Amino acid sequence: MSFSADVKKEIVSREVPKSCCAVAAAYAVACFGKYFDEKGTVLHTEHEVVAKYAQKVMQRAGIKGEIHVKARESKDVYEFSVKDKEQVDKLLELFERKPEDVSVRINGDIFKCDHCASAFIAAAFLCAGTMTNPEREYNLEFLSNRHGLIKDLASLLEGREISMGCVRRKGSNVLYIKSSEQIEDLLTIMGATNASLEIMNLKVYKDIRNKANRIANCETANIDKTVTANVNTASAIDYLRENDAFDLLPDTLKETALMLEENPDASLRSLAQKFTPPISKSGLSTRLKRLEQIADKMKERARNG
Ligand SMILES: [Zn+2]
C-alpha cells in the first residue's frame, strides 16, 4: 500500500468525536466533490474506506448518500454521492449553499469549535490529497480545479502555521508542502500521528546513515594514506636489499623493515603495537623515515658516481 493510502487509512480509523466536527468533515466532502450544487455532490475515490468515511460523516450531518463501485480498467473507483432531491436540499441548506453561488468558497460559519477546521482539513486530504513516500521525497499535496477553494484552504492552513506553496498543473490548482517539519505538523493536525512519527523516525535513520557513510569514507581515505606511506617505505627497503645494504642496517631498523614487510597494509598505530615491547607511533614513524632517508642517500651517491 502507498504511504498516501496509509495516511488516509489512519485518518479514517480515528473517530470524529464531536458532531460539529463531523459536519465540518462532511462539508469538506461536498466542497472537494466533483460538483456541489442543485444536483447534489459526487466524490470519486480509489479508496473504499474514504467513500465509507464520506458516507458516515454525511450521515452524522443528517444527510443520506450512496456508495457505488465503478469498475475501471486500471482500478475500481468508489463513488459516494448525494443525488436524491430531498437529501440535496438538506445538503444545500445545511452548508448555506445558494443556487446563485458560482464558485465554491469555504464558509467559516460552518466551523463551530476549535477542532472543526482540523476535521475539515483532514477530510479535504482524504478527498483531494496525496503524499509521496517520504523515503523518496517530502511532498504533500491538495488538488482541486476550484481556484477559490484552494486559496481558502491555503489561508485555513496558514492560520495553523502551515505555509503551502501553490502552482497550477494541467488545469488543476495544487497546494503543496515540501518541508518535512511542516508535513509532520500537518499530519498531526489531521490526526495521522503515526505517519508523522514515521517521518521523524525516518529522518533520524537517514541522519545516522549519512553519518555512518561519512565515517566509512573517512576510514577509507585513511587506509589509502597508510597504504601509500607504506609503499614508499617498502620500495626504500627493496632498494636497500637489492644494493646489499640491508644487513648493514642497525638492528632497530632491520626489525622495523621486517615488520613492515610482514604487514604491508597495517596502519602506523597497529604496526607500532606489534613490536615487543610496543613502540610509540612517532617512534615508528621516525624509523620508517630513517629507512627512506638511507635509501635516498644511497641513490644520490649512486647518481653522483
Ligand atoms: Zn467541532
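Here are a few things to note about the model shown:
- Per-residue surface analysis assigns Leu248 an accessible area of about 140 Å², computed on protein heavy atoms at 1.4 Å probe radius.
- Spin-label proximity, Asn304 to region 244-276 - amide N less than 13 Å from point 7 Å beyond Cα toward beta carbon: none
- Cβ-derived FRET efficiency at R0 41 Å, Val102 paired with Ser2, nearest 0.05: 0.70
- Springs between Cα atoms under 10 Å define the GNM used for the chain, and in it the highest mean-square fluctuation of Asp238, Asp207, Asp76 occurs at Asp238.
- Surface per residue (accessible, 1.4 Å probe) for the chain, Å²: 56 Å²
- Relative to the longest principal axis of the Cα atoms of the chain, the long axis of helix 193-242 lies at roughly 20 degrees.
- Surface listing: Thr45, Thr193 arranged by accessible area from highest to lowest gives Thr193, Thr45, probe 1.4 Å.
- Region 206-304: C-alpha gyration tensor shape, a/c 1.5 cut-off, then a/b vs b/c: prolate
- Charge dipole of the chain (Cα centre as origin; +1 on each Lys and Arg Cβ, -1 on each Asp and Glu Cβ, all else neutral): 260 debye, rounded to the nearest 20.
- Pairs with C-alpha atoms separated by more than 26 Å, drawn from the list Lys170/Lys203; Lys170/Lys206; Lys112/Lys151; Lys8/Lys56; Lys211/Lys281; Lys52/Lys75, are Lys170/Lys203; Lys170/Lys206; Lys211/Lys281.
- In this structure, Arg241 and Thr220 have a Cβ-Cβ separation that, at R0 = 35 Å, corresponds to a calculated FRET efficiency of about 0.65.
- Relative contact order %, the chain, counting alpha carbon pairs below 8 Å whose residues are six or more apart: 14 percent
- Accessible area of Glu96 in the full protein assembly, 1.4 Å probe (Å², nearest 10): 90 Å²
- Candidate cross-link partners of Lys289 among the aspartates and glutamates, defined by an alpha-carbon separation under 20 Å and a same-chain spacing of 8 or more, comprise Asp224, Asp238, Glu242, Asp244, Asp247, Asp251, Glu255, Glu261, Glu262, Asp265, Glu300.
- Within a Gaussian network of the chain (alpha carbon springs, distance under 10 Å), most fluctuating of Asn217, Asn263, Asn139: Asn263
- Working from the Cα coordinates of the chain, the gyration tensor eigenvalues give, after taking √(5λ), semi-axes of 77, 17, 16 Å in decreasing order.
- Between Asn194, Leu43, Ala245, the Cα set farthest toward the positive side of the dipole of the chain (charges on each charged residue's Cβ, about the Cα centre) is that of Leu43.
- In summary, the aspartates and glutamates within cross-link reach of Lys39, defined as a Cα separation below 18 angstrom excluding same-chain residues under 8 places away, comprise Glu66, Glu79, Asp84, Glu86, Asp89, Glu93, Glu96, Glu100, Asp101.
- Shape class for region 1-71: oblate, because the ratio a/c of the largest to smallest gyration tensor axis (alpha-carbon atoms, square roots of eigenvalues) is 1.5 or more and b/c is at least a/b.
- Mean separation of Cα pairs under 8 Å and 6 or more residues apart, divided by the residue count, gives region 1-92 a relative contact order of 27 percent.
- When a 1.4 Å probe is rolled over the protein heavy atoms, the share of accessible surface on region 21-81 that falls to carbon and sulfur comes to 46 percent.
- What the Cβ-Cβ distance of Asp265 and Tyr205 gives, at R0 = 51 Å and to the nearest 0.05, is a FRET efficiency of 0.95.
- Stretch gain in nm, segment Asn213-Glu135, where the contour uses 0.36 nm per residue and the Cα spacing is subtracted: 26.3 nm
- Spread of Cα-to-Cα distances over 5 Å intervals beginning at zero, given as percent, for region 246-305: 4, 18, 27, 22, 14, 8, 4, 2, 0
The values are calculated or read from the model by the stated rules, or taken from the named source; none is laboratory data. Here the structure is a predicted model, which is why all the values come from computation and not from measurement. Note: ideal-geometry Cβ built from the backbone for every residue, glycine included; neighbour counts use all protein chains shown. Note: areas computed on protein heavy atoms with side chains; ligands, DNA, RNA excluded. Shrake-Rupley method; radii C 1.70, N 1.55, O 1.52, S 1.80 Å.
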